[in-house]
Amino acid sequence: MLKKICTVLVMLFPLISWGQYNNEEYVASRFKPGFMWFYTGLRPAQPEKVRRYDRLIFDITYNDWNGDLKSFKNDWKSIGLNTSLMFDIPITKGNTISFGTGLTHSLFRISSTGHYFAPDSLHRFTTHTAEVNNGFVPVPDRYLCGNGLGIPLEFRFRTKGWKHYKVHAGGRVGYQFNIYSKAITEGLDGDIIEKFYNFPDVNRLTCSAHIRMGIRNWALYASYNFNSLFSDNNSVDLKLIQFGLTVSLF
C-alpha cells in the first residue's frame, strides 16, 4: 500500500509544480484577470510577459438626460448596455498605466411615462423635435431608444498585480445610427405599440466623457454626452447621462 501511495505522489508532483507560481498563486489565476483566467492560448503563459486587462467590457447602465427636462425623474426601466472590444496598450513596464482604445456599441433606452417625443405636429415640414402629449394622454409606457457605434479613448491607471484597483478616464466619439420613440397603450384586444423613427434632426455625431473606478473585473461607471440627442436649435435639449456597473470578462 505504501508503495502505491508513493507512486501516486510521484506522478502528481509534476502537475502540482506546473500549477503553482512561487508557491503562492496559480499561474492561470495570476495572469488572467477575467472570465478567461484559464485560457493561455496555444502555448503556456510566460511569467515575464506583460499582462493586459479590460479588453471585453460590458457597461450596464441606468440612462437619464440633462437639459430642458429634469434629471432623475425617469423610470427605473431606463436600462442601457455598452459593449466594448478594446486594446490594452501598456505605457509603463508593469502595465500600471496603459492606453485603451477599440470599438464600442451603445444601446440606450429611457423609460418615462410623462414624456413623448415627435416632430412638432403643428408644422408639416418641421425640422425640429418637440416634447408632445406631456400629461394629457394617459400612456402607461413611453420610451426613447437609440443605438450607435463609437471609438473609445481612455487612460487606465491600476495598482500592481491581478488583484488590482483601477481607474479608467477618457471619452468616446461615435455615430448615432438611430433614435426612435415608442408608446404602449392599452387597447380592447391588448396593448397597442406605436413606434416613430423619422426624427428630422437626430444628432449623428456623439461626443462623451466617461470614468470607471473599481477592483479587478468590477467597476462603477459614469458617462456624460456633451451634445444633445437632437441637433436643431429649436428642438428639446436632451444630453444623455449614464450611471452603472462595469464587468470586464477578458
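Read-outs throughout are calculated quantities, based only on the coordinates presented, and are distinct from any laboratory measurement. Model, not experiment: these values are computed from the prediction. Backbone-built Cβ (ideal geometry, glycine too); neighbour counts: all protein chains shown.
On full extension, the segment bounded by residue 149 and residue 107 gains 14.2 nm, given 0.36 nm per residue less the C-alpha separation.
Using the structure shown, select from 160/239; 93/163; 195/239; 77/182; 182/239 the pairs with a Cα to Cα distance greater than 25 angstrom.
160/239
Computed from the Cβ-Cβ distance with R0 of 51 Å, the FRET efficiency linking residue 165 to residue 237 stands at 0.85.
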